[in-house]
1. Give me, ordered by chain and number, the residues 5 or more places off residue C:227 or on other chains with an amide H under 5 Å from its own placed amide H.
2. Each label point is 7 Å from the Cα along the Cα-to-Cβ direction; what then is the distance between the points at residue B:324 and residue C:312, in nm?
3. Restricted to Cα positions, what overall size does region C:166-301 have along the principal axes? Three whole-Å values, descending.
4. So how strong a dipole does region A:166-301 carry about its Cα centre when Lys and Arg Cβ are +1 and Asp and Glu Cβ are -1, to the nearest 20 debye?
5. I'd like the distance separating the alpha-carbon centroids of region A:21-78 and region C:22-47, in whole Å.
6. To the nearest whole number, what is the average tally of beta carbon atoms from other chains within 10 Å of the beta carbons of peptide B:168-178?
7. Once each part is reduced to its C-alpha centroid, what is the distance from region C:187-245 to region B:191-230 in angstrom?
8. Restricting to Cα pairs below 8 Å that are 6+ residues apart, what does the relative contact order work out to for chain B? Please round to a whole percent.
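The values are calculated or read from the model by the stated rules, or taken from the named source; none is laboratory data. Just so it is clear, the model here is predicted, and its values are computed rather than measured. No Cβ is skipped: glycine too gets one built from the backbone with ideal geometry, and neighbour counts run over all protein chains shown. Just the protein is used for accessible areas: all its heavy atoms, side chains included, with ligands, DNA and RNA removed. Shrake-Rupley method; radii C 1.70, N 1.55, O 1.52, S 1.80 Å.
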Amino acid sequence: RIMRPDDANIAGNVHGGTILKMIEEAGAIISTRHCNSQAGEPCVAALARVERTDFLSPMCIGEVANVSAEITYTSRHSVEVQVNVMSENILTGAKKLTNKATLWYVPLSLKNVNKVLEVPPIQYARKEQEDEGKKRYEEQKLDRLETKQRNGDVMLPVINPEPHTVGYSQSSLIHLVGPSDCTLLGFVHGGVTMKLMDEVAGIVAARHCKTNIVTASVDAINFHEKIKKGCVITVSGRMTFTSNKSMEIEVFVDADPFVDEPRERYRAVSAFFTYVSLSKEGKPLPVPQLLTETEDEKRRFEEGKGRYLQTKAKRQAQMEQAAQQ
Amino acid sequence: RIMRPDDANIAGNVHGGTILKMIEEAGAIISTRHCNSQAGEPCVAALARVERTDFLSPMCIGEVANVSAEITYTSRHSVEVQVNVMSENILTGAKKLTNKATLWYVPLSLKNVNKVLEVPPIQYARKEQEDEGKKRYEEQKLDRLETKQRNGDVMLPVINPEPHTVGYSQSSLIHLVGPSDCTLLGFVHGGVTMKLMDEVAGIVAARHCKTNIVTASVDAINFHEKIKKGCVITVSGRMTFTSNKSMEIEVFVDADPFVDEPRERYRAVSAFFTYVSLSKEGKPLPVPQLLTETEDEKRRFEEGKGRYLQTKAKRQAQMEQAAQQ
Amino acid sequence: RIMRPDDANIAGNVHGGTILKMIEEAGAIISTRHCNSQAGEPCVAALARVERTDFLSPMCIGEVANVSAEITYTSRHSVEVQVNVMSENILTGAKKLTNKATLWYVPLSLKNVNKVLEVPPIQYARKEQEDEGKKRYEEQKLDRLETKQRNGDVMLPVINPEPHTVGYSQSSLIHLVGPSDCTLLGFVHGGVTMKLMDEVAGIVAARHCKTNIVTASVDAINFHEKIKKGCVITVSGRMTFTSNKSMEIEVFVDADPFVDEPRERYRAVSAFFTYVSLSKEGKPLPVPQLLTETEDEKRRFEEGKGRYLQTKAKRQAQMEQAAQQ
């Protein structure tokens, strides 16, 4: 589909959230189709997890987004989908890889939303493909358990904050879940949630550095709990770490099932987004350092630094490996 | 246009905000057309004020909204527009008046957005129409000055609030102003702002009473300051007063021109919305009383009570007058 | 309603698809209202066919679209609606006819979606009006039968295509049908389908000629099969013919009822769109010739040429007739 003005920021760069939403829609379609390919209980594939994804090159208004999806692994109860997004400038014909993403879906019965169905197995061309897929499956399973424990944190408001402190840029939005946000089962599409998360993270980043910003990468996101139609969701973001040219923002999604439901507010999703600030020529700009005040802020800054250095080292290793081949 | 699921709440009632947005679009079209009807500098009519409006009967998904607009008065620099909204059930043919609204627009030059142009005068059928219009014009002018002074207030966050207190239901959302939210001059349509205000007020009301709620009326809204494309707007709402069967919510809109602008955050709009809680059969339900804690909350409650009693008295007087005729 | 940036391409011309969607909504309202005007089973009018329509002058961002609809003929089970779209520049007051369209609707029972109800007859001012309407009715009936047979064709992907071949520009998009795309009966609005078709056809045309393009006309479109909520639809387009200054694109819509339905993918709609390429001054530009490779492509090119020459001859005849009067 062609990118429109509303998909982009003032500088014409398409929001990362718009791209994440397209990726998730493609993944939901291919995995729902696969899970219904054999006779049996009809089901809808629900997003369980998105692996870390890097935004390799910005997409602009007027370009066409080409999204392709492929099923790369199936476990008993989950499907791994690989989605590629290419941006195509239809005036020049130039195509660029915007990003690659890996998503995990789980089939839920249309009749009983709490019942997870079995996934028809796919055929692998080679035995190694299956083994590698199984390894990825085990790794993400472990990681999902870990984040579930981390999720208890709460964001507190700050009165009259100083510029460049955590409190100064932290932001939150509320959204009433409407019918168009939901799947056939009446639960919010993972892509809709990710778009809202990117929107809040982008506002936090822009408030901090007051320049034009773009999404550089999104950490793995786990969807522990479904969010139902009619809920109010609160999406909150705060800056956790800055390097010379990047900002890391932690985003929480809390759901409030306030009409006709006895349930308390609960944490549905959390994730880390990384943003960079771009000059008018599209070059990365230096970012003001984050001022940490409380013990918690200092601890989160150090944890963010750890993630930053780890990613940097991983990328360097990949480049060296590529150079040797 | 036909009302869609996205225009309505879970019970199928169209959001007051959707209706306010349609009203404002109709008003903007007719007044821009009128102000450009004589040769001269081209201009765009900007919303300056909406008079108090009552939602007389709810509109539902699948019904058609018929919006009609008429210019009823012109001063040297402003246009008064009367807009009627009828809901039509195209299956039964039944039509009902949903609401009537009076809006004031000011023509701004396309070349210089800070220049207010002159309005071509309209012809009145009778001299009394002009005199009554002039009286309405003077009244609203006075009222606009008054609210401008009230606007300094700020909403502070509350930690761990008790149910039914002000802090418990207060809510805010942030929205990044995109191109489709704006007029040709690059400023947010008044209707877009009103829709967001209704969204926040509705969430405050639902958080307070935890049932299905609908907009019953909107107090006069004054648009003191324009909001530019690329701003982040924060829309905040808090409950100020409850009667037996209604809730009054005060809503603020603050604009943050944070990219490429030296300007501070400023208060753009504020207004009072009244909501009622409806049973499944569409009958008004009792509302839990608002618990006021601080001196300010108690003062605002008394002020809200004043507005409530004044409106009630006015309505009674109108009914008696109607009965005598 | 006022045309927004999202309704238009980068050059500011409103998409033909946006206009088709407004036309269809107006037609659906007036024909549903008519079919329910007599006591009887409640029904919803479903779009069966749109006659060929020419886009006479482009509409731009900021202009107001005035849509008017009139019922011009009724058969026992169908309604013919004539819709006119005028673009109005509210700054200058200039109005231009954008296009005229003729649509056919069929009333389906609200209780049983497979039951076609009877249409209350309209009164004709003159007997000739009824006769002419009957002639149009018979002609479209014949044409609908013919296209139903043509619909079996499938579009295959091409690897590494040469510029200006059919495979080079062919495109497809998938869309998951949501609640806001649907009527009260839970089927996709014809206007939503046409908007997606225009989007794909526009991408095919832009890929071929790499300039700014606009919809010039749409061939008659027949809606053979309804598309249900929850379906995935695949909209595919390929170029069939180029004249010196126009491109003809064939568009297919296939529906995949993949959840909860034993049914196979089926062809729901197909149509021909004609596009022209415009310079910055709005003048038509020459178009690169389409390179046909396979026998099928050559055959479709000749068929397209036939349609092109036929339309040209018809238009010439109309102009001569107009000149003689």
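1. Result for residue C:227 returns C:188.
2. Placing both labels 7 Å beyond Cα along the Cβ direction yields 7.9 nm.
3. Rounded to whole Å, the extents work out to 48, 37, 22 Å.
4. Details: 16 positive and 17 negative charges, 75 e Å.
With only Lys, Arg, Asp and Glu charged at Cβ, the dipole is about 360 debye.
5. Taking the Cα centre of region C:22-47 as reference, the centre of region A:21-78 is 38 Å away.
6. Working: counts 0, 1, 0, 5, 5, 8, 10, 3, 9, 1, 11.
Counting Cβ atoms of other protein chains within 10 Å of each residue's Cβ and averaging gives 5.
7. Here the answer is 38 Å between Cα centres.
8. Details: 676 pairs, mean separation 52.8, N = 325.
Answer for chain B is 16 percent.
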